[in-house]
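The structure appears right after this line, and notes come after that.
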Amino acid sequence: AAGGIGMIADLAGNDRYLAGEFSQGGGYFYGLGLIVDRGGNDRYWGDRYSQAWAAHQASGILIDGGGDDTYVARTAANQGAAWDQSTALLYDASGNDSYQGDSLAQGSAAQQAIAFLVDGGGSDRYVANGEIAQGHSGTNEYHFDQAAPIGGVFSFSLLLDLLGPTAGQSPESDHFSTGHPAGGSIRLGTRDESRPANSTLDGLRIDVSK
């Protein structure tokens, strides 16, 4: 059965979210999953497909209103990850935050999907395994050869870190495990002219340092 809506809303406090696969603000097969946490120093632990993810024409959203938050996810597809014509958003408004994920993570989309990770400021740490992470898109074979408007479409991925570090911290206090320097912007992905579906377009990683 397709569809369905799931939601958690938490208004205050230092919270701990502990779950396994397919959890914490995710949607699957025309579904919608949503977490809204208004504030506090929160901890999110999950496994594959967790923390703002979506797959197969679905949507997943996680909105955290502030605080020093920690996101830990094992295996793939987490922290703003979309797969197969889906959309995903992780928005953390402020604080010194830590993100630890796997591949297809931290603002990454594949198979003609759209994914965002937007962090509102602070000294933040992004750690992910694999190349398809931190604003980098994957390939798009699933529907690429179908007729328009379904076919011939690339994914779009974005990791946007806004406002820079808090007072007294250097612009370089943000850390990205993929090796990109803090501050500035970089366009990610490559085009495969011989097999366009294998192109890893399009992706952006933007770190606003001041």
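The values are calculated or read from the model by the stated rules, or taken from the named source; none is laboratory data. For clarity, every value in this text was computed on a predicted model and none was experimentally measured. Neighbour counts run over all protein chains shown; Cβ positions are idealised from the backbone, glycine included. These accessible areas exclude ligands, DNA and RNA; they are computed on the full protein's heavy atoms, side chains included. Shrake-Rupley method; radii C 1.70, N 1.55, O 1.52, S 1.80 Å.
Structure summary
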| read-out | value |
| --- | --- |
| Residue check, ASP124 over 18 Å from ALA76 (Cβ atoms), under 14 Å from the mean Cα position of the chain (by Cα) and open to solvent by less than 20 Å² (accessible area, probe 1.4 Å) | no |
| Test: residue in region 101-112 that is open to solvent by 20 Å² or more (accessible area, probe 1.4 Å), touching a Lys or Arg at 6+ places or on another chain (Cβ under 7 Å) and assigned to a loop (DSSP other than H, G, I, E, B) | yes |
| Complete set of residues in region 67-88 that are polar (S, T, N, Q) and out of contact with any strand residue (DSSP E or B) (no Cβ under 7 Å at 6 or more places or on another chain) | THR75, GLN85 |
| Check on ALA148, surrounded by 18 or more Cβ atoms within 10 Å (Cβ to Cβ) and either of a type outside the set (Phe, Trp, Tyr) or modelled with pLDDT of 90 or more (or both) | no |
| Qualifying positions in region 76-88 - open to solvent by 50 Å² or more (accessible area, probe 1.4 Å) and within 14 Å of the chain's Cα centre (by Cα) | TRP83, THR87 |
| Flag if PHE144 is assigned to a loop (DSSP other than H, G, I, E, B) and more than 22 Å from SER185 (Cα to Cα) | yes |
| Region 191-207 - residue that is touching a Phe, Trp or Tyr at 6+ places or on another chain (Cβ under 8 Å) and in a loop (DSSP other than H, G, I, E, B) and, of those, farthest from GLY179 (Cα to Cα) | SER199 |
| Hits in region 37-65 - residues which are surrounded by 24 or more Cβ atoms within 10 Å (Cβ to Cβ), of a type outside the set (A, V, I, L, M, F, W, C) and either on the phi > 0 side of the Ramachandran plot or not in a loop (DSSP other than H, G, I, E, B) (or both) | ASP37, TYR44, GLY46, TYR49, SER50, GLN51, GLY60, ASP64 |
| Residues satisfying the stated conditions in region 10-36, i.e. open to solvent by 70 Å² or more (accessible area, probe 1.4 Å), over 25 Å from ASP84 (Cβ atoms) and assigned to a strand (DSSP E or B) | ARG16, LEU18 |
| Residue match in region 171-184 (condition: among the hydroxyl-bearing types (Ser, Thr, Tyr), under 21 Å from ALA93 (Cα atoms) and either open to solvent by 70 Å² or more (accessible area, probe 1.4 Å) or assigned to a strand (DSSP E or B) (or both)) | no |
| Among the residues listed as ASP47, ASP92, ASP15, ASP64, the single one being in contact (Cβ under 8 Å) with a residue 24 or more places away in the chain, in contact with a Phe, Trp or Tyr (Cβ under 8 Å, 6 or more places away or on another chain) and among the charged types (D, E, K, R) | ASP64 |
